[in-house]
Amino acid sequence: MLVADLAARSKNWALTAEGERTILDATPTGWRVHVVRALTSSDGDGPREPSAEATGAMAEAEVYFGFGIPRPLFLAAPKLKWVHSAAAGVGNSLYAEMMQSPVLFSNSAGVHGIPIAEYVVAGILHFIRGLDVVVSQQREAKWDKAFFVADDSPVREVDGAKVLIVGTRGIGGQVASRLSALGAHCVGVRRHPDQPVPSGFEAVFGVDAIDDHLGTADVVVLAAPLTAASSGLFDAKRLKHLKRGSILVNVSRGALVDERALADVLASGHLRGAVLDVFAHEPLASDSPLWHLRNVVVSPHISPVSPGRFWPRALELFCDNWQRYHRGAALRNLVDKQAGY
């Protein structure tokens, strides 16, 4: 039996009636489907606590499709063999029992790649073309070209900019594709630099080479999953090594960055700006200094939002994987539990 636990409280992420029909139409012969009606959370990597309805359905579940899988559900599912998450992040689901089990675990990494990449491009253009100054002057009814025509103006084109992208898979790849089309020189950082260089990148390096490129990158984009190795990757020391006047964009997870240290670096004027859609603790505390810095764009984790586009993409992946699972073929987006993504 498949348990589909996708009734998200947020309407943007709740399984639609059309999506439910897609799942039912794709059901292999001999399978039953339990569509959970009780509400769940789609925030972050998924809920910590499940509904009573979902818990009761897990006794017969061979496959679970939800936003991650809360530990109580995993423990209530003796027949479970495969979990597919509608989320990309998997951190909340990598508890000891999952790690030690033979249960297959796949995720939806890459499904959000297009809208997040467009958000990244928009954020970079916001600072690189001086739109932050435009908005500020508009609020003051101030007509002033001084910032834009000054000899030391930071306004420039994307064409020719060096962009360092940490994480080269779904999101990072989509970012590189778009920025390289605008003439940017994209270099990537990933755990396995020996693999072929993806489209959109001019070169790819290992994580140990990050510091070699920070001082020359005009833009740094964080698009890597949160793991034990990436947590705190951009600490105070590394943030200070960013090129003066550069832009930092984080669409990964907030815990990759020391937010207090970032606020200090931004307040000092060392960076042109930061575009932040993710934070270590969400919602971002009202007393965070990041709210009040003029060279920061703070958004409430909305970069993946794309009305009407998410479920067709997510279900194409899931339904294809369900057919693969049914016939014993390799799954797409299989999570490496030990690596954490």
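So the values come out like this:
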read-out: Selection from region 278-290 of residues that are touching a helix residue (DSSP H, G or I) at 6+ places or on another chain (Cβ under 8 Å) and surrounded by fewer than 22 Cβ atoms within 10 Å (Cβ to Cβ); value: F279, A280, H281, E282, L284, S288, P289, L290
read-out: Any hit, region 311-322, residues being of a type outside the set (K, R), part of a loop (DSSP other than H, G, I, E, B) and either more than 23 Å from E157 (Cα to Cα) or in contact with a strand residue (DSSP E or B) (Cβ under 7 Å, 6 or more places away or on another chain) (or both); value: no
read-out: Matching residues, region 295-310, being under 19 Å from A17 (Cβ atoms) and exposed (fewer than 15 other Cβ atoms within 10 Å of the Cβ); value: P307, G308, R309
read-out: Residue selected from region 24-35 under the condition closer than 21 Å to F74 by Cβ and hydrophobic (A, V, I, L, M, F, W, C), by the criterion surrounded by the fewest Cβ atoms within 10 Å (Cβ to Cβ); value: W31
read-out: Single condition S177 does not satisfy, out of (1) assigned to a helix (DSSP H, G or I); (2) of a type outside the set (K, R); (3) surrounded by fewer than 17 Cβ atoms within 10 Å (Cβ to Cβ); (4) not assigned by TED's automatic domain parsing to the domain that holds G46; value: (3)
read-out: Subset of region 221-241 [assigned to a loop (DSSP other than H, G, I, E, B), buried (at least 22 other Cβ atoms within 10 Å of the Cβ) and in contact with a strand residue (DSSP E or B) (Cβ under 9 Å, 6 or more places away or on another chain)]; value: A223, A224
read-out: So H270, is it closer than 24 Å to P225 by Cα, surrounded by fewer than 19 Cβ atoms within 10 Å (Cβ to Cβ) and not aliphatic (A, V, I, L, M); value: no
read-out: Subset of region 260-294 (residues that are without any contact (Cβ under 8 Å) to a residue 60 or more places away in the chain, under 21 Å from K243 (Cα atoms) and either of a type outside the set (A, V, I, L, M, F, W, C) or in a strand (DSSP E or B) (or both)); value: R260, D264, S268, G269, H270, A274, L276
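Each row is one residue, and each column tells you yes or no for (1) surrounded by 14 or more Cβ atoms within 10 Å (Cβ to Cβ); (2) of a type in the set (A, V, I, L, M, F, W, C); (3) assigned to a loop (DSSP other than H, G, I, E, B).
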residue: S101; (1), (2), (3): yes, no, yes
residue: P115; (1), (2), (3): yes, no, no
residue: V120; (1), (2), (3): yes, yes, no
residue: V135; (1), (2), (3): no, yes, no
residue: K142; (1), (2), (3): no, no, yes
residue: G160; (1), (2), (3): no, no, yes
residue: V163; (1), (2), (3): yes, yes, no
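The values are calculated or read from the model by the stated rules, or taken from the named source; none is laboratory data. Computed from a predicted structure; not experimentally measured. For neighbour counting, all protein chains shown are included, and Cβ atoms are generated from backbone atoms with ideal geometry for every residue, glycine included.
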